[in-house]
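The values are calculated or read from the model by the stated rules, or taken from the named source; none is laboratory data. What you see is a predicted model, and the numbers here were worked out from it, not measured in a lab. Heads up, the Cβs are rebuilt from the backbone with ideal geometry, glycines too, and the neighbour counts pull from every protein chain shown. Areas reflect the complete protein model, heavy atoms only, side chains present, ligands, DNA and RNA absent. Shrake-Rupley method; radii C 1.70, N 1.55, O 1.52, S 1.80 Å.
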Amino acid sequence: CGKGRHSIYLNNKGFNVEGCDLSAQSIAYANQFKNEKLHFFEHDMRNKLDNNYHFIYNLFTSFGYFNDVSDNLKVLQSVYNSLSTNGVFVLDFMNATKTINNLVTEESQIFDDIKFNIKRRVENDIIIKSISFVDKGNNLQFEERVQALKQTHFNTLFKKVGIKIVDVFGNYQLDAFNETDSDRLIIVGKKENKL
């Protein structure tokens, strides 16, 4: 859930919401917004949640960051095990094909008077973003790696765990997904009960 932006929105719409994230820092920030129907906790999404949910959301490319691709299956198995009967899972991921085809390999951006130098590249189906900057005289560098997963990857993963894909969208206006042109890959799945 990161710092809780989407959880807060859903809670404001009247839903009971629990947001989880691996980052203790993000959860500490999100906790300032908690109330009787909005809770946050630290959690590794590869592990089953303690409760079962009618809806589980994985939004804004919060998937594919583990070094071992087998962890992707663990995440989806956790989702399956944490959904209630007929529960719905929504996964919002980048459209890897369009992202790679339009990759900005180098750019600089200034935030709070700090110049961030950003380089991007693709290696072995992984999009790597390197960020370097100077803050208070210190040279700092960070690297972010996300797997360039495509619709076919997700189709296979969802099928393996028993989540039936019921809709696929290509943007937040819910237009149909097109691998060449769509900005996003948004998959809506429903838990299939195993015999």
Is it the case that residue 180 is without any contact (Cβ under 8 Å) to a residue 40 or more places away in the chain and under 20 Å from residue 95 (Cα atoms)? no
Count of the stretch 167-195 residues which are aliphatic (A, V, I, L, M), over 21 Å from residue 125 (Cβ atoms) and open to solvent by less than 70 Å² (accessible area, probe 1.4 Å): 1
Do we have any residue at all in the stretch 139-149 that's out of contact with any strand residue (DSSP E or B) (no Cβ under 7 Å at 6 or more places or on another chain), closer than 30 Å to residue 181 by Cα, open to solvent by less than 40 Å² (accessible area, probe 1.4 Å) and among the aliphatic types (A, V, I, L, M)? no
Could you please give the count of residues in the stretch 11-21 that are open to solvent by 80 Å² or more (accessible area, probe 1.4 Å) and either under 18 Å from residue 51 (Cβ atoms) or in contact (Cβ under 8 Å) with a residue 40 or more places away in the chain (or both)? 2
How many residues are under 30 Å from residue 73 (Cβ atoms) and more than 17 Å from the chain's Cα centre (by Cα) when one looks only at the stretch 99-124? 9
Return the residues of the stretch 145-184 that are in contact with a helix residue (DSSP H, G or I) (Cβ under 8 Å, 6 or more places away or on another chain), aromatic (Phe, Trp, Tyr) and not in a loop (DSSP other than H, G, I, E, B); say none if nothing qualifies. 158
Restricting the search to the stretch 154-177, which residues are within 23 Å of residue 71 (Cβ to Cβ) and in contact (Cβ under 8 Å) with a residue 24 or more places away in the chain? 154, 157, 158, 160, 161, 162, 163, 164, 165
Tally up the residues in the stretch 135-162 that are over 30 Å from residue 117 (Cβ atoms) and in contact with a Lys or Arg (Cβ under 6 Å, 6 or more places away or on another chain), please. 1
If residue 86 satisfies every condition in (1) over 23 Å from residue 181 (Cβ atoms); (2) touching a Phe, Trp or Tyr at 6+ places or on another chain (Cβ under 8 Å) but one, which is the exception? (2)
